[in-house]
Amino acid sequence: MDPDAAAAIRAQLDSDESLLWADTPDTILEFFYPLLFSFFFTGRLYFSRFPSATSFHVAIAGSIFVFLLSWMLSRHTFYGLSNHRAITVLAFFGRTWTTRSASLVNLNDAPIVIRRGHLWKVIFGRSGKNRGTSPYDPNVGLVFRSLANADAVCEHARAAQQSMLAEIEARSKARGSSRLPP
């Protein structure tokens, strides 16, 4: 568990939650994709219809800016799993800028889909065209990107979800059995 990620995620937990896993995106993977995008951006501008030395220099400067910005933001992104939800925190300059989370079960106490995506991703809930419209919906879809151990994180999340479902079922049985006449 990464200590910086654990501290950032613990600050977002409710009192009834416990932290199960926390980490940051893999540095090598987060370095590769912005670099690839920067090369593509520079090449696209260089091979445009009207190439010139000025446009090439602008392309180089723009791609360096995009690369540095995306790499710096990825270094301050933290992922975490609690016993109730998956959490993403972006903390920059010692301040939390954004927090997103996805509950491991939906409002009807049914499990959400947790799956292993391609390119080192773990996807919680809906994604793509079925994401939903409200950002406050607890099942809008959350993605952990650039995880070197994505398979292990996916299995850890599924185990936490099964534990949460067993806890919900035990509570519902306890409530249901107390209503029955003796």
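The values are calculated or read from the model by the stated rules, or taken from the named source; none is laboratory data. On a predicted model such as this, the values are computed, not experimentally measured, just so you know. For neighbour counting, all protein chains shown are included, and Cβ atoms are generated from backbone atoms with ideal geometry for every residue, glycine included. Accessible surface areas use protein heavy atoms only, side chains included; no ligands, DNA or RNA. Shrake-Rupley method; radii C 1.70, N 1.55, O 1.52, S 1.80 Å.
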- Inside segment 7-25, the number of residues satisfying the requirement of being open to solvent by 50 Å² or more (accessible area, probe 1.4 Å) and charged (D, E, K, R) is 3
- Note on the structure: Matching residues in segment 135-174 (under 14 Å from PRO111 (Cβ atoms) and at pLDDT below 80) number 2
